[in-house]
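Beneath this line is the structure, given in structure tokens, with notes to follow.
The values are calculated or read from the model by the stated rules, or taken from the named source; none is laboratory data. Predicted model, so just to flag it, every value in this text is computed and none were measured. Heads up, the Cβs are rebuilt from the backbone with ideal geometry, glycines too, and the neighbour counts pull from every protein chain shown.
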Amino acid sequence: MKRRELKYRINWQDPWKKMRNERIRKLRVTYDKDLRIKSAEDFSNRYKWNDYESGREVVNILGNVLNKDFEVLEIGPGPGTLTIPLSEKVRKITCVEASKANLQILKENLKEKKIKNFELINECWEKAKIENSFDLVICSHFLWMVEDLEKHLERMEQFSNRYCVIVQPCGRDEVVKNAFEEICKERYTGQFEPDADYFAYTILREWSRLLDVRYFEYSFELNLEEGIRYIASYLGKFIEVDEQVAGKIKNFLIAKVGEPWVVRDKAVVMWWEPEK
Ligand SMILES: C[S@@+](CC[C@H](N)C(=O)[O-])C[C@H]1O[C@@H](n2cnc3c(N)ncnc32)[C@H](O)[C@@H]1O
């Protein structure tokens, strides 16, 4: 543990545990039995939109940090949101991905873009056997996946000899929040606010790390069916999304945004140099 001896400390552990339990709660979406498969495809298409716009934004922000000779380790690449734009700027990218299904989608997306400078490890990051160290270790939209955030950050540093980078969502489209209030009949008080980034910031500052932080805005387009699934993936943690609720989401989207719905989100990029 890299904690400094401090007289005053922010108690981030309790809120982390409570918020994480809410974020990883099981979805109750029953209106479509093929939802899982369709959602995985949606996720991939969403980030492929506009030729990986959101991943390219990250690469642009990291411009001066990246080097053509870099070997990169990416944790939880999913469909390649970041992997694909990043692989074009570095020598090699090694990805650790726990899900076989997501790895298959990633392989297809890499093939489609004719990318060859990668290595894929189908393992859980926490247990993966990784031999070498890397110039840059990065994870994107990943922090809620780990139970022990300090261990995760420590492990990122362990495999990095130059930089560590975290990319996390930091702003949710208002339409999702409005749909929650109208359909769940509950005031939105941050139930699914994407705010894991500030826990990482707090921990790293406790370790005396100095972070560069930049945020960016990005968008993606959803047709009506994709839009219903997208909203259901948030509401389904609070209410059961059955045929009737799915109908309400559909009417809400038709009335408020039409088709296609251009979703506008924000993400933050945080990078730092681990202790040598
Ligand atoms: C929310 S997605 C993010 C995907 C991508 N990095 C992005 O920015 O869009 C998280 C990914 O991490 C993977 N994952 C979850 N837990 C993991 C673990 N313990 N080790 C490796 N991969 C994991 C999931 O299968 C999924 O593909």
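A few notes on this one:
- Annotation note: Cβ proximity below 7 Å between a residue of the stretch 64-79 that is closer than 16 Å to L110 by Cβ and a residue that is near the ligand (Cβ under 7 Å from one of its atoms) and charged (D, E, K, R) (sequence gap 6+ or interchain) occurs for G76/E97; P77/E97.
- Options I84, I75, I61; residue that is closer than 24 Å to A98 by Cα, in contact with a strand residue (DSSP E or B) (Cβ under 6 Å, 6 or more places away or on another chain) and modelled with pLDDT of 95 or more: I75
- Residue in the stretch 71-82 that is more than 8 Å from the ligand (Cβ to nearest atom) and touching a Cys at 6+ places or on another chain (Cβ under 6 Å) present: no
- Of the residues making up the stretch 172-191, those that are of a type in the set (G, A, S) and surrounded by 15 or more Cβ atoms within 10 Å (Cβ to Cβ) number 1.
- Failed condition for L106, given (1) surrounded by fewer than 21 Cβ atoms within 10 Å (Cβ to Cβ); (2) part of a helix (DSSP H, G or I): (1)
- Residue pairs whose Cβ atoms lie under 6 Å apart, separated by 6 or more positions or on different chains, with the first residue in the stretch 8-33 and in a loop (DSSP other than H, G, I, E, B) and the second surrounded by 17 or more Cβ atoms within 10 Å (Cβ to Cβ), are W12/F199; R25/K237; L27/G236; R28/G236; Y31/V241; Y31/A246.
- Counting only residues that are near the ligand (Cβ under 9 Å from one of its atoms) and farther than 21 Å from W271 by Cβ, the stretch 123-138 holds 5 of them.
- Residue selected from the stretch 152-171 under the condition of a type in the set (D, E, K, R) and in a helix (DSSP H, G or I), by the criterion surrounded by the fewest Cβ atoms within 10 Å (Cβ to Cβ): E154
- Residues of the stretch 1-50 that turn out to be under 19 Å from the mean Cα position of the chain (by Cα), modelled with pLDDT under 90 and under 25 Å from P274 (Cβ atoms), as a count: 0
- In the stretch 161-174 there is at least one residue matching the filter, namely being within 9 Å of the ligand (Cβ to nearest atom), of a type in the set (V, I, T) and under 25 Å from T202 (Cα atoms).
- Some residue of the stretch 89-102 being more than 16 Å from the ligand (Cβ to nearest atom), touching an Asp or Glu at 6+ places or on another chain (Cβ under 9 Å) and basic (K, R): yes
- Residue count for the stretch 194-253, restricted to those that are among the aromatic types (F, W, Y) and touching a strand residue (DSSP E or B) at 6+ places or on another chain (Cβ under 7 Å): 6
- Output for the stretch 114-151, where each listed residue is assigned to a loop (DSSP other than H, G, I, E, B), in contact (Cβ under 8 Å) with a residue 40 or more places away in the chain and more than 21 Å from G80 (Cα to Cα): N132, E147
- Per the listing G63, G80, the residue uniquely on the phi > 0 side of the Ramachandran plot and either out of contact with any Pro (no Cβ under 8 Å at 6 or more places or on another chain) or not in a loop (DSSP other than H, G, I, E, B) (or both) is G80.
- Residue among N11, N50, N21 that is more than 11 Å from the ligand (Cβ to nearest atom), more than 28 Å from I130 (Cα to Cα) and touching a Lys or Arg at 6+ places or on another chain (Cβ under 9 Å): N50
- Residues located in the stretch 139-151, provided they are more than 9 Å from the ligand (Cβ to nearest atom) and crowded, with 19+ Cβ neighbours inside 10 Å: L143, L149, E150
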